[in-house]
Each structure stands twice: as C-alpha cells, then as structure tokens.
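What follows is a set of notes on a single structure, which appears directly below.
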Amino acid sequence: MKNAVIAVLALLAVCMPANAQKNKKKVAAKKTVVAKKPPIVEPEEDPKVTKMLEATQDIVFIDSVVVSKEEFLSNYYLNGETGKVMTYNSFFRSDKQPYSTVYLNQLGNKCYFSENGRLYTSDMLGNSWSEPSEIKGIGDFNRANYPFVMADGTTLYFAAIGPEGLGGLDIYVTRYDSSTGNFLKAENIGMPFNSDANDYMYVIDEIESIGYFATDRRQPEGKVCIYTFIPNHSRSTYSPDEYEEEIIRSRAAIDRIRDTWGDGQARNAALERLARLKAAPKTTEKKAGQGFSFIVDDNLVYTSLSDFRSAGNRERAAEWQKLTAQQQELTASLEKARAYYHAASSAERNSLKREILGNEQKEQSLQAAIKKLEKTIRNEELKTLKKK
C-alpha cells in the first residue's frame, strides 16, 4: 500500500510541469510592422504655365527645319520692306559679340541691337551711326537679345530671361511710348512661342504674312528648330469650351505642326509666298549715309551732314533726318493698315480704325515739325553762305 502511494506521488511530480505550462498566460507573437509607402504627389504646375496654357494662341505652322545654331539667321527669308536681321559682328565688323544680333529697318537708317545682355538703338547720322542709346522702360531682364521691330516703328520684340519667363530665353513684346520717350513694360507673348527651353528671334514679315521664331526645345546641343508660321492679325486662342486640355497642351508644345493645318489651304498659300521669298535675289545692303539729300535752294543740294556750314545746322539736319525716317515708317504702316481695313472683320475694323486715326494725327504732327525744322535749317544755312 505504501509503495502504491509513493508511485502515485511520483507520477504527479512528473506531470506537474506540463499542467503548470497549460496555466501560464499565452505571450502574443511580435508582429512585423511594414511601413506604408507615402502617396505619390504630383508636383503642382507653375501658375505661369497654367495661365499661359489657357491663352495658347491658335497658330498655323507652315513648316519647321532643324539647323545649326551658328547659321540659323540664314534661314530667315524676308521681303526687303521688312528690314534685315543679322549678327552683331557682321554688321559692326567686330568680333566682340558673337551671339548678339542686329535689326536694321527698311530705310537702313535705324538699327536695334544687343550688347552685353542689354538692348540699344542707333540712328544713321550722315555717314556714321550715332552714339548707342539704351532702350529703357521695358523691365528687369537678363541676356536681352534678338531684337526685331515691326513696320510701325514702335512695336519691338526681343528675347530675354525675365520674371514672367518659363525657363531659358522667352520672347517678349513692348511698344514705344512717344509721350515719355521710353518703351513700355514688356510682356511675355505666351505659348506656343515660349517654353521651358530657349525661344528667340521672333520676326514678322507683314508684306508676305509670314513669321519665324527659333527654339532649342527637343533639340540636341548646337541645333535649333526654326518654325515658320502665319501671323494672326488679331489674337486668336484655343477655347477650353471647344478643345480638350490634352489638345491645348499639345498645341502649346507644338507636338505636331500638321495638327494646325486645318484644310491646308492657308498653309499651301503661305508655302507659295515662302518659295518666292527664297527664290528672290538677296538685296544689297545700303551704305552708310546713302539716300541723304537736303535741298538748300534751287541750285544747291547737300548730300552729307558735313556739307552744312551754319553753326548748329549739322545737329538740326541730323534731327530732320531722324524725323523724316519716322514719318516714312509711319506712312508705310498707315498704307498697310488702310489696305487691310477693307478685308478685316468688324471687330478688327474697330481696332484698326483707332490705330489709323491715331497714326494720322502722329503723321500730321511729324509733318509740321519737319517743315518747321527744314525752314530753320535752310534759313540759317543761306544766311551763313551770304556772309562768305
């Protein structure tokens, strides 16, 4: 009996650890926490880009050609009445500004150019160019270059890095304010002409209704694409009510010029005009002072500022020459506006009417100033000649 009790107690001692283990609290296994990836947040679009996209101009692009940046100006074909664009070094026979350009007006007596990132203008006085005058009032810009002036003599296009830019060089426009003697604050001309690349050398041939601009968007180093387009007489944009956002973005980026052709009739007519320009012989450059002529009396005509003998008459004659050039440019602009008026829409006619009336008043003021100055020069010169 005793031996049986001992056996039972021994059996209980052996089983106790197992029973105790069952009564212990279960310890929860540690869970592996996997960090969640942050949601992908698309970068917000620059407000300038959004604003410009909404005002993307509806432009018909005729053609495009990729050329060397060194020789891109040779692909600008212009009617002689539009003026000329050329490199600074070829115009001034210099090697100081290899990347700067010059615009010479159709009369050959006024030029606009870039020097050390700033814009200047100069007038032909006799046989030489006047001291350069910096173009002021346009705003705060860096690397200002590639000037071009419309036939009205007051609308100036140029390229620069500015506060309204999208990146690189952007194309801007400003106008001369005769009341202050300065140009107005320049404005970015928007898309599709500007992008986050370098866009520049915007030129309009109003005679042939053909425009050009250069850009290095999507181009390898050292290459630029020159786009040829039909300029609009009045601003026309892609309405969000008519076009999907994807289409507007594509047109703004100029993904495919074919998308702008429509039925192709306007483009084909423009290609014919462009072909004539390419086939036309290059005009010879006017020599300094060529075309200067001042009638002193029936028997005496001066052909140079150095011919004047009366004190102060050389300065007066230089001013007379400058005002005469301005009148000729204004008269040419008026003739074009009047010719287009008959074919313009009612909305365009209202705008053209104001422009024509304003320019007619300016023309009358210039004519009066020229006649008065001409009379003073002639009288002073004759007095001096009689004394000798």
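Quick note: the coordinates plus some simple rules give every number you see, no bench work behind them. What you see is a predicted model; the values in this text were computed from it and never measured. Because the Cβ atoms are built from the backbone with ideal geometry, glycine has one as well, and the counts that use them run over all protein chains shown.
Tabulated data
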{"quantity": "Three-way shape call for the range 85-235 based on the alpha-carbon gyration tensor, with the a/c threshold at 1.5", "calculated": "rounded"}
{"quantity": "Set of aspartates and glutamates near Lys278 by C-alpha distance (under 18 Å), chain-local residues within fewer than 8 positions excluded", "calculated": "Asp63, Glu71, Glu81, Asp205, Glu206, Glu208"}
{"quantity": "Per-peptide average of other Cβ atoms within 10 Å, ordering 227-237, 263-273, 78-88 highest first", "calculated": "78-88, 227-237, 263-273"}
{"quantity": "Amide H contacts of Leu169 (H built 1.01 Å from N, under 5 Å, at least 5 apart or other chain)", "calculated": "Asn198, Asp199"}
{"quantity": "Full-stretch length increase - Thr331, Asn75 - with 0.36 nm per residue and alpha-carbon distance subtracted", "calculated": "89.2 nm"}
{"quantity": "Residues Thr50 and His233, FRET efficiency given R0 of 25 Å [Cβ-Cβ distance, rounded to 0.05]", "calculated": "0.35"}
{"quantity": "Long-range HN-HN contacts of Ala186 with modeled amide H, under 5 Å", "calculated": "Gly139"}
{"quantity": "For the range 35-142: rounded, prolate or oblate by the Cα gyration tensor [a/c cutoff 1.5]", "calculated": "prolate"}
{"quantity": "Gain upon complete extension [Gln364, Ser351; 0.36 nm per residue less C-alpha separation]", "calculated": "2.6 nm"}
{"quantity": "Net charge, Asp199 excluded, C-beta distance under 9 Å - Lys, Arg +1, Asp, Glu -1", "calculated": "-1"}
{"quantity": "Förster radius 41 Å - calculated FRET efficiency between Arg338 and Ser133 (Cβ-Cβ, nearest 0.05)", "calculated": "0.85"}
{"quantity": "Greater than 18 Å apart at Cα, pairs in Lys51/Lys223; Lys136/Lys185; Lys136/Lys372; Lys48/Lys223; Lys322/Lys362", "calculated": "Lys51/Lys223; Lys136/Lys372; Lys48/Lys223"}
{"quantity": "Three semi-axes of the equivalent ellipsoid, the range 209-318, Cα gyration tensor, whole Å, largest first", "calculated": "50, 18, 17"}
